[in-house]
2 protein chains.
Amino acid sequence: MNTYLDCIPCFLRQALEAARAATDDQDIHRRVLNSVAEMIPQLPLDVTPPEIAQRIYRLTYQIIGNNDPYREAKHLANQKMLALYPELKQAVANSADPLLTACKLAIAGNSIDLATGSSSDDIDSIVRSAPTMPLATSDYPEFRRSIERSSHVLYLGDNAGEIVFDRILIEELHRERCLEISFVVRERPIINDVTRLDAIFVGLDRVASIVSSGSDAPATILSQCSPQILRLYHWADTIIAKGQGNYESLSGEQSNIFFFLKAKCPVVARLLGVNIGDAILKGIAGHRD
Amino acid sequence: MNTYLDCIPCFLRQALEAARAATDDQDIHRRVLNSVAEMIPQLPLDVTPPEIAQRIYRLTYQIIGNNDPYREAKHLANQKMLALYPELKQAVANSADPLLTACKLAIAGNSIDLATGSSSDDIDSIVRSAPTMPLATSDYPEFRRSIERSSHVLYLGDNAGEIVFDRILIEELHRERCLEISFVVRERPIINDVTRLDAIFVGLDRVASIVSSGSDAPATILSQCSPQILRLYHWADTIIAKGQGNYESLSGEQSNIFFFLKAKCPVVARLLGVNIGDAILKGIAGHRD
């Protein structure tokens, strides 16, 4: 999808939040706001929102002199969600359809998103109630059919913390006999997005091959991806794309992608025909099956 | 209160909304966003948010070539709320404490605020449930005591639509023997704020003297008010200030003011120690009694 004008005030807010995560110095906060404001008249709208976000975060990180202001928040989210792992594994195992429950958990985990102002404070109750959470858009039957025929799954990760639930879903995919699963992380830290270190911290490397996107974009921007990712992308039988960023960057593609996300802003909610906060499992047209 | 950095992305969003209310021309929307963005580095933070909002709306209205983009929305809100008047008058009359119920109704009516993205669509249920609505901050006992001793009340209005409930409260004030009530409207249209025409449309002129603030600020900025307003302001036994804008512009004053509002943004909610959406009836320090 292209960037909407609505995204621009939101980017400005995100830059301020990132500056505040790095420092209490209000002069620096103001400098970040002013510098991002000065970029606005030049911002193109015919690119996806994560491509604009990437430029804005790069500028912000340069001004604040910190290329990972959410490091501590990410680490806390990973730790906190990891503590829930045994309980939620049990909930999945005890459920009537473990794959569906694991999908819902992976979507509920997408509530952890510092770009949209969510935090891991209220996440415990969100993920605990995930097994009974309704899906506003559910292509689960198509997803299950696709998985049953898939040897290779490409799993495009999103945020730290959330990755604990991605691990639970990946473990279910193995039970469904998916042989090879590649989990894509960002090349460098951006917002609270998953990097290789986060993936290893929660043990994702034990259940999937961890591969870097080759880019610091908070999404999967194919033109910026490494040749390895592009090979995996075209080779995969099923692609799972987590979060709004991946939806924004890949919703125009024709691959066998299933988007797992919470709708977090008015623009994406409107495009999906759902309410903010709704849980989405959505395949896109062009499924190979 | 001074302007917070958080307010700046919000102003940008408001400018875009105002442009969209006036025209579907996306080039104009973009021009508004760019022009407001260019103002940002020069914006002072040591003035109140409504003073910044005033500058931003003036610029926006100049670019869109329309000085009242919310005219239709305001008219609809006035009509819609007026249709509820008989039912809500009855609810007030039948309640155990009609003055308290009328206060709650006037606060619930403050939910109609196009600057913060609220609309009159869901307002029916909000005002209908107002009699049982809890107040997160309640200085109602002090307010009642103040009103019992007041001959002259200055009532600082806020939004179109909402003014129907201000009228109901003013009618209750008359029953409490307040002799003179002056209702302040904006001098010129800004956002969906009440002007003289709105006040007359809902019959406020039959229960109060309508006086203009002398300014197009979306709040009561004393340095911009007419000498008449300043006289009334210093003469009034009790001042009722409706809405966030009036809270933002007058919370630092030492007059006998009671703020009636819904907390609509994170900054004001934090300052008041409440949640977004909470209903507030708050007196400020320095009451004369």
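Does A:K80 meet the test of being open to solvent by 50 Å² or more (accessible area, probe 1.4 Å), in contact with a Gly (Cβ under 8 Å, 6 or more places away or on another chain) and either more than 9 Å from chain B (Cβ to nearest Cβ) or within 30 Å of B:R31 (Cα to Cα) (or both)?
In short, yes.
So, in region B:234-263, of the ones that are open to solvent by 10 Å² or more (accessible area, probe 1.4 Å) and of a type in the set (S, T, Y), which residue ends up modelled with the lowest pLDDT?
Looking at the filtered set, the residue picked out is B:S255.
Hey, among B:R145, B:R206, B:R196, B:R177, which residue is of a type in the set (K, R) and either in contact (Cβ under 8 Å) with a residue 60 or more places away in the chain or closer than 20 Å to B:L250 by Cβ (or both)?
B:R145
How many of the residues making up region B:196-214 are surrounded by fewer than 23 Cβ atoms within 10 Å (Cβ to Cβ) and either among the small types (G, A, S) or not in a loop (DSSP other than H, G, I, E, B) (or both)?
12
Condition first: open to solvent by 10 Å² or more (accessible area, probe 1.4 Å), farther than 18 Å from A:R30 by Cβ, touching a residue at least 12 places away in the same chain (Cβ under 8 Å) and within 13 Å of chain A (Cβ to nearest Cβ). Now tell me which residues in region B:30-59 satisfy that.
Across region B:30-59, the qualifying residues are B:R31, B:S35.
With respect to B:A219, determine if the residue is touching a helix residue (DSSP H, G or I) at 6+ places or on another chain (Cβ under 6 Å), open to solvent by less than 10 Å² (accessible area, probe 1.4 Å) and part of a strand (DSSP E or B).
no
Using the structure shown, decide if A:R128 is open to solvent by 10 Å² or more (accessible area, probe 1.4 Å), at pLDDT 95 or above and of a type in the set (D, E, K, R).
No, not satisfied.
Can you find even one residue in region B:82-98 that is β-branched (V, I, T), more than 23 Å from B:Y4 (Cα to Cα) and under 24 Å from the mean Cα position of the chain (by Cα)?
yes
Any residue that is polar (S, T, N, Q) and part of a helix (DSSP H, G or I) - is there at least one of those in region A:128-150?
yes
Within region B:7-29, work out how many residues are open to solvent by 40 Å² or more (accessible area, probe 1.4 Å) and either facing chain A (nearest Cβ under 9 Å) or modelled with pLDDT under 95 (or both).
4
Are there any pairs, at least 6 apart or on different chains, whose C-beta atoms fall under 7 Å, with the first in region B:155-167 and under 19 Å from B:E72 (Cα atoms) and open to solvent by less than 10 Å² (accessible area, probe 1.4 Å) and the second outside any strand (DSSP E or B) and of a type in the set (S, T, Y), and if so, which?
Matching pairs, first to second residue: B:G161/B:S120; B:V164/B:Y85.
To keep it simple, each residue is scored yes or no on (1) of a type in the set (G, A, S); (2) within 22 Å of A:A93 (Cβ to Cβ).
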| residue | (1), (2) |
| --- | --- |
| A:S146 | yes, no |
| A:A160 | yes, no |
| A:D166 | no, yes |
| A:L173 | no, yes |
| A:E176 | no, yes |
| A:E187 | no, no |
| A:T195 | no, no |
| A:A199 | yes, no |
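Looking at region B:85-100, which of its residues are in contact with a helix residue (DSSP H, G or I) (Cβ under 7 Å, 6 or more places away or on another chain) and open to solvent by 10 Å² or more (accessible area, probe 1.4 Å)?
B:Y85, B:K89, B:A91, B:S95, B:P98, B:L100
The values are calculated or read from the model by the stated rules, or taken from the named source; none is laboratory data. Keep in mind that this is a model prediction, so the values were computed, not measured. Counting neighbours? That spans all protein chains shown, and the Cβs are built from the backbone with ideal geometry, glycine included. To get the accessible areas, we keep the full protein, side chains included, count just its heavy atoms, and leave off ligands, DNA and RNA. Shrake-Rupley method; radii C 1.70, N 1.55, O 1.52, S 1.80 Å.
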